[in-house]
Amino acid sequence: MRSSLSSKASRVAGLAILSFVVIFPLYTIVISSIKPLGDVRGTFEWIPSHVTFRPYVEIWKTIPLAHYFVNSLFISVAATVLSVAVAIFAAYSISRYRFRGRGTFSTTVLATQMFPGILFLLPLFVIFVNIEKSIGIQLYGSYTGLIITYLTFSLPFSIWMLVGYFEAIPRDLEEAALIDGATPVGALFRILIPISLPGIAAVAIFAFITAWGEVLFASVLTTDKTMTLAIGLRNYASQSNVFWNQLMAASIVVSLPVVLAFLALQRYIVSGLTAGGVKS
Amino acid sequence: MSVAEKNAVAPALEGVRRRRSSRWMGRRRLPYLLILPAVLFELLIHVIPLLAGIGISFLGLSQFFIRNWTAAPVVGLDNYKVALDFGSPIGHGLLHSFAITAGFTALVIGVSWAGGLAAALLVNSEFRGRNWFRTLFLIPYALPVYVAVIAWSFMFDRDNGAINRLLVDDLHVVSHRPFWLLGTNAFWSIVMTTVWRLWPFAFLMTLAGLQNIPKEVYEAADLDGAGRMRQLRYITLPMLAPVTGVLIIVMFLWTFNEFNTPYVLFGKAPPSSADLLSLHIYVNSFIDLNFGLGSAMSVLLLIFLMLSTLIYLRVFKVGGGSRA
Amino acid sequence: MRVRVSRARAFVWAALLAAVLAVVAACGGGGDSGGGGGSIRGQTITYWASNQGASIQQDNEILRKAIARFTKQTGVKVNFKVIPWSDLFTNITTAVTSGKGPDVLNIGNTWSATLQSTGAFEPFEGSTLNAVGGKSKFLSSSWSASGKPGQTPTSIPLYGLSYGLFYNKQLFQQAGISSPPKTWSEFVADAKKLNNPSKGQYGVALEGASITENAHWAFILGRQNGGDLFDKSGKPTFDSPPIVKAVKDYVDLWGTDKVVNPSSAQWSDGTQALASFAKGKAAMTMWQNNAENNLRTNGMKRSEYGVADVPVVDGSNTPIMTHVAGINISIFKNSEHKNAALAFVKFLTSQGEQVKLNEEYGSLPVVKSAQQDPAFKTPTLKTFNQILAKHAQPMPLIDQEGQMETFIGDAVKQLIAKATTRGSVSEADVKAQLSEANQKMQAAGGGG
C-alpha cells in the first residue's frame, strides 16, 4: 500500500489515541500500586510524590493472596486442560463425521451462550448439593465443582473455534493415516492435533481467561478453602479501609499470568482465529 | 496427492474403509462417543440447571421456601404477570432496565466494533513496531474483568479520581466537577468501562479477518486508482462480512448478559441510568430472596435473546452459509 | 500394525490423566464426624464471623484469642472464618438453600426477622434458651431486635451498636460553638457555620450512596417526626407526611443546605465519610460506635473528638436517636453439634467475653452484667450506651426486612443524587420517590 504523508499522519494519530485510551487505566493501576496509602486515597497525582514498594510486600499478608492465587491457578489450569480436551474430541466429531443429532448438538452448544448466568446459578448450586447428598461427590466448596463449571463455560466457544479450524484442514493426511491402519482417534492425535496447535493454543487461552476472571459463580460455589482471586481480591476492602494501593498491586500480580500467557501466544491466537473462527 | 492419483486410489480407499469399519467395532458409535463428554458436561452445567431455573419461574419460591423447595407453591404464570405488568413498579423497573440495557448494548457494540476495525486497519499494515501495538491493544481484554473494573471505578471517583483530575484540573474541559457513578453519567461510565474491555476482542477478530484478505486484491485496486476510503468500503468491509457477522452476534450476547462489570462497578444498588438487566434481576432475586420472580425475569431475558439471535441469523444469514 | 505413540498424544493423555487424578483427589473433602449429646469435649464446630474490626486480619487476631480461651475451657475446637459484609448475606442464603452451613454464625440484627422466616435456624426457647443463660441476662433493647414480636427468636444479641453524633472539638472551638447541637435546626445551623467548601471543609460527613445508612436515617428521623415505616396493620407508609419530612430534611443536607461534600453522594463503602471526618475535612458525622476503631486507624486521637446525642427534630415527642443496631448470633438447625454450638454461644455472651470482645471491637455489650464494666465508662461509650438503652427502637421486624432496606435506601439515594446534581429537591419530588418505593414494598408482600 502506498504510504502518503497524510496517511502516515493519520496512522500516527489513530495509534496515539488508541494507545492513550488503553494505557490510561493501566498507568493508574501501576502508579497507584507504588504510592503510600495516604497518597493513593488523596488527590490523584500523575507522578507520585512518595514511591514505596511496601504494598507488594503487604498484599501477601493482608489477605491470604498466595492461597487464592494457587486456588485460581489450579482451577483455571485444570478447567483449561479438560475443556480443550473435551472440545477437541467434540470438534473432531462434528467436523469429520456426519451423524444424526450433529446439527442439534451444535445448535444447542451455541445456544448456551445466550443463557443468563443468574438463571441457572441457583439451580446449579442446588444440583451440586444434591449430588453430594446422593452420591457423595463434593461439588460445592470443592475444586471439582468449579472446574467442571468453568470448563463447560468455555466449551461452546472452544468447540466452535476448533470446528472451524479443523474444517480448514484438508482430510488428505488423515485419510492417508487411516489407510495405513490408524484408528480415527489415532489420526486425531497423530495428525490433526499437531497441525492444529495454534488453534488449540487460541482456544486454551480463551478458556483460561474465562476461568481466571469469573466472578458470579465463584461467589456462590467457593468456600474459604477454594476461594479464587476473583472473590478474594474484594477482601482488601474492610470495615474501615479500602487498601487501594495494595488492591492495585495485587491486581497487577493477579493479571500477570494471564496477560503474559496471552501475549506470548498472541501470534498463535491470531493465526488460530484466522484459519478457524473466521470461517464459520 | 494429485487429482489423478486421488481418483485412482479412491475406490481402494473405500474398500479399506469398509473393512476398517467392521474391524473397528462401534465405528458408527465413534462420533457419539467423541461428543459424549461435551454432552454430559453441557447437560450437567447448562441444560439441566436451565430447565430447573425455568421450572422455578413457575413457583412462588421466596425466603419461606428456600430451605425446602419442594414445598414451594406452584403459582403458574403469576411471576410472569408481575414481571410484565409495566404499570406496576416491578414491571416498570424491568422495562426500564431492559431499555437501558438495549441502549447500552447498541452503543458498546458500535464503538467496540468501530474501534476494533480502526485498530486492525492500523496494525495490519507493515511498519516498525506494529507488534508492540498489537500486544498493547490486547491487554485490556486479557486483564481479569474485576481488575479492569476496579481500576475504572477508582478513576471515576469524583474528588480523587484520575478522570476528573485530567478533565477538570489539568485540561479544564469541564468546570463543574462531574459525578461519574451517579446520575446520567453513570451510563457513560459503564459504557466506557465495557468498551475498554471489549474492543480488543473486536480488534483481534477483525485483524484475523483482515489477514485473510489477499494482498493481491488491494494491489489490483491500487492499480485501478481506488483511494483508501473506496477500498475500505468496497473491498475490506464486504470481505470482512463473515467475521463481522459472527463478531456482532457474539458481542451482542455477551454484552446484553453482562453481569460482572456493573456488579463490580456499582455493587448491589446501581444508579437508575446504569441499571443493567442481569444485575437488576440479581438484585431482585438474590437480595430479596424472591427466586421465583427472579427466574421468571431471567426466562424473559432468555426468550428475548433467543428471538433476537434467530432473527439476526435469518436476516444476515450468518454461519450457515458459504465456506470461503 | 503397531502405532508409534507420538509425543503430542502422550502429552495430551498425560495432561488429561493428571487433571483427572487431581480432580478426583480434590473430591471428597470430609466433614468431621461427631455426634451430639453427651460430652462435647473433643468436638469441632464451624463458625462464620462477621467483619467487626478494622480489617479481616484484626478480626482473625481477636477471635483466635477468644477461641483459644473457649477451647481451653471446654475442649471444643472452633474452625472460624471471617466473612466480609459484601458476601455474608449471600453465603447465608446459600447455606440455607443447600442445608450445608456452619454450626454458628453472626448475622446483622436487621436480618433477624428475614432469616427467622426461613426456618433454617435453631429457635431460642426452653432448654435451648436456658443453655445460653436465659433471656433475662440480655439488655431488653438489644433483645427486642432479635426477631418478630410474638415469635420465638432464632438469633440472640452478640454485639451492640448505636448511632451517635461525632464532632471535632477543635473545629467547634474555632467556630465558637460551645456545645454540640441538640435539635435538628441547631445541627443544620452549626453545620453551616462550620462549612467552608472553598477550603474543602464541610459541616457534616455522611455517605449518600449507602443503602443501609439511608434506610436507617429514614427510619430514625421518621420516628422523630412521629411517623413509622409501617402502620399498625403492617402496611408500608413510606410516603406518609412524617417520613416525607424526615427524608427531605436528610436530603436537604446535600440539597438546599449544602453542608456535606457533594462527592459524598457517591460514597458508600463505609470508609470515606469517616476518613473525611478523621482528617478534619468535616466537622461532624453521625455514625455507629464502631467508627471509633476506624477513626483510630485513620490517625484521629480520642481527645480530638467527642460524641453527643444524635440531634432530634424540633418539638419531637419521640426522641429516637438510633435504631437498635448490632450483631446477633444464630445456630444452624442442621448443625450436628448443637450442644457444642450452644456452649460457644454461651461463652461469647458471657460477662467476661462480652467485656473483652466489645472493648476490642469498640462495640457495646448486650448483656446486663457486662454493662457496668469500667471499660465501657469512657465518655464516648457512656453516651452510646445511654442512647442504646434509652433512645433506641428496632427497625420494623418484618419478613421482607431486606427489601424494605433496599427500597427505601435506594429511594433516598436517588433523591440525594438528584439534590446534588440539580441543586435541590422539592417536597413533591421526595413524596413521588417514596411513593414508588412504597408501591414496590406493597408488591413485595407488605409487612406481614
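The values are calculated or read from the model by the stated rules, or taken from the named source; none is laboratory data. In this text, all values refer to a predicted model and were calculated from it rather than measured experimentally. Positions of Cβ are generated from backbone atoms using ideal geometry, with glycine treated the same way; all protein chains shown enter the neighbour counts. Only protein heavy atoms, including side chains, enter the accessible area calculation; ligands, DNA and RNA are left aside. Shrake-Rupley method; radii C 1.70, N 1.55, O 1.52, S 1.80 Å.
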Relative contact order of chain C, please, whole-number percent, based on alpha carbon pairs below 8 angstrom and at least 6 residues apart. 25 percent
Given a 1.4 Å probe, the accessible area of region A:64-279 per residue, as a whole number of Å², is 28 Å²
Using only the Cα atoms of region A:1-65, what semi-axes does the equivalent ellipsoid have when each is the square root of 5 times a gyration tensor eigenvalue? Give whole Å, largest first. 38, 14, 8
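Output the peptides B:49-55, C:117-123, A:50-56 sorted from most to least packed, where packing is the average of other Cβ atoms within 10 Å over each peptide's residues. Don't skip to the end; give the middle numbers.
Details: B:49-55: 19.0, C:117-123: 20.7, A:50-56: 14.3.
Going from most to least packed, we get C:117-123, B:49-55, A:50-56.
For region C:43-108, what is the accessible area per residue in Å², given a 1.4 Å probe and the full set of protein chains?
Details: 2030 Å² over 66 residues.
Result: 31 Å² per residue.
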Nearest 10, in degrees from 0 to 90: the angle of helix C:211-224 to the longest Cα principal axis of chain C is 50 degrees
Over 22 Å between Cα atoms: which of C:368/C:390; B:81/C:418; C:245/C:413; C:72/C:137; A:61/C:72; C:192/C:377 fall into that group? B:81/C:418; C:72/C:137; A:61/C:72; C:192/C:377
So how compact is region B:119-212: Cα radius of gyration and Dmax in angstrom? 16.3, 49
Divide by every residue of chain C the summed helix terms, -39500 (n - 2.57) for each DSSP H run of at least 4, and state the resulting mean residue ellipticity at 222 nm, rounded to the nearest 500 deg cm²/dmol. -14000 deg cm²/dmol
Given H placed 1.01 Å from N in the peptide plane, which residues other than close sequence neighbours of residue C:163 have an amide H under 5 Å from its amide H? C:323
Relative contact order for region A:133-280: what is it in percent, counting Cα pairs under 8 Å that are at least 6 residues apart? 39 percent
Skipping prolines and chain starts, which residues have an amide H placed within reach, meaning under 5 Å, of the one on residue C:329, given they are 5 or more residues away or on another chain? C:107, C:156, C:158
Taking 50 Å² as the minimum loss, tell me which residues in region A:108-124 lose that much accessible area going from the chain by itself to the full protein complex (1.4 Å probe). A:113, A:114, A:115, A:116, A:118, A:119, A:120, A:122, A:123
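For chains B and C, what's the summed buried accessible area, probe 1.4 Å, to the nearest 100 square angstrom?
Buried surface at the B/C interface: approximately 2600 Å².
From the mean inverse distance of alpha carbon pairs (Kirkwood) and the Cα radius of gyration, derive Rg over Rh for chain B. Present the calculation step by step, with values, prior to reporting the outcome.
Numbers: Rg = 26.0 Å, Rh = 24.1 Å.
Result: Rg/Rh = 1.08.
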If I fit a long axis through the Cα atoms of helix C:56-74 and take the longest principal axis of the Cα atoms of chain C, what angle between them do I get, 0 to 90°, rounded to 10? 60 degrees
Would you mind giving the total buried accessible surface between chains A and C, with a 1.4 Å probe and ligands, DNA and RNA left out, rounded to the nearest 100 Å²? 3400 Å²
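Over chain B, what is the relative contact order in whole percent, taking alpha-carbon pairs under 8 Å and six or more residues apart? Before the final figure, lay out the partial values.
Details: 302 pairs, mean separation 80.6, N = 324.
Contact order relative to length: 25 percent.
Please sort through the DSSP H helices of chain B and keep those with an alpha-carbon extent of at least 24 Å along the long axis and a Kyte-Doolittle average not below 1.0. Working shown, then result.
Numbers: long enough: B:3-23 (29 Å, -0.80); B:89-124 (51 Å, 1.37); B:185-210 (36 Å, 1.16); B:237-256 (27 Å, 2.10); B:291-316 (37 Å, 2.00).
Result, helices passing both filters: B:89-124, B:185-210, B:237-256, B:291-316.
Keeping the other protein chains in place, figure out the carbon and sulfur percent of the accessible area of region B:75-316, with a 1.4 Å probe. Intermediate values should be presented prior to the final figure.
Values: 6190 of 9280 Å².
Whole-percent figure for carbon plus sulfur exposure: 67.
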Can you work out the accessible area per residue across chain B, with the rest of the protein chains kept in place, probe 1.4 Å, in square angstrom? 45 Å²
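Pop out the carbon and sulfur fraction of the accessible area of region C:36-101 as a percent, whole number, probe 1.4 Å.
Heavy-atom surface of region C:36-101 belonging to carbon and sulfur, 1.4 Å probe: 52 percent.
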Kirkwood Rh over Cα pairs of region B:160-208 into Stokes-Einstein at 25 °C, 0.890 mPa s: D in µm²/s? 196 µm²/s
At a probe of 1.4 Å, how much accessible area disappears from chains A and B on forming the pair, both sides counted, to the nearest 100 Å²? 9300 Å²
Residue B:310 paired with residue C:369, simple spin-label distance in nm, labels 7 Å along Cα-to-beta-carbon: 7.0 nm
Here Rg/Rh (Cα, Kirkwood) for region C:308-367 equals 1.18
The ³J(HN,Hα) series, computed from each phi in region A:176-187 with the Karplus coefficients 6.51, -1.76 and 1.60 at θ = phi - 60°, rounded to the nearest Hz and given as x for glycine or proline, is 4, 5, 5, 5, 5, x, 6, 6, x, 5, x, 4
Report ³J(HN,Hα) in whole Hz for each residue of region C:295-302, in order, from the Karplus equation J = 6.51 cos²θ - 1.76 cosθ + 1.60 where θ = phi - 60°; Gly and Pro get x. 4, 4, 4, 8, x, 8, 8, 3
Along each of the three principal axes of the Cα atoms of the protein assembly as shown, give the extent in whole Å, ordering the values from largest to smallest. 104, 76, 56
Both in Å, the radius of gyration and Dmax of the C-alpha trace of chain C are 24.9, 101
Using a 1.4 Å probe on the protein chains only, how many percent of the accessible area of chain A belongs to carbon and sulfur? 69 percent
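Among C:436, B:42, what's the order by accessible area (1.4 angstrom probe), most exposed first?
Numbers: C:436 85, B:42 10 Å².
Per-residue accessible area, sorted high to low, gives C:436, B:42.
Looking at the protein assembly as shown only, what percent of DSSP beta bridges run antiparallel? Nearest 5 please. Kindly include the intermediate steps, with their values, before the conclusion.
Numbers: 26 of 42 bridges.
In the protein assembly as shown, DSSP labels about 60 percent of beta bridges as antiparallel.
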In region C:249-295, which residues become less accessible by 50 Å² or more once every protein chain is in place, relative to the chain on its own, using a 1.4 Å probe? C:263, C:266, C:271
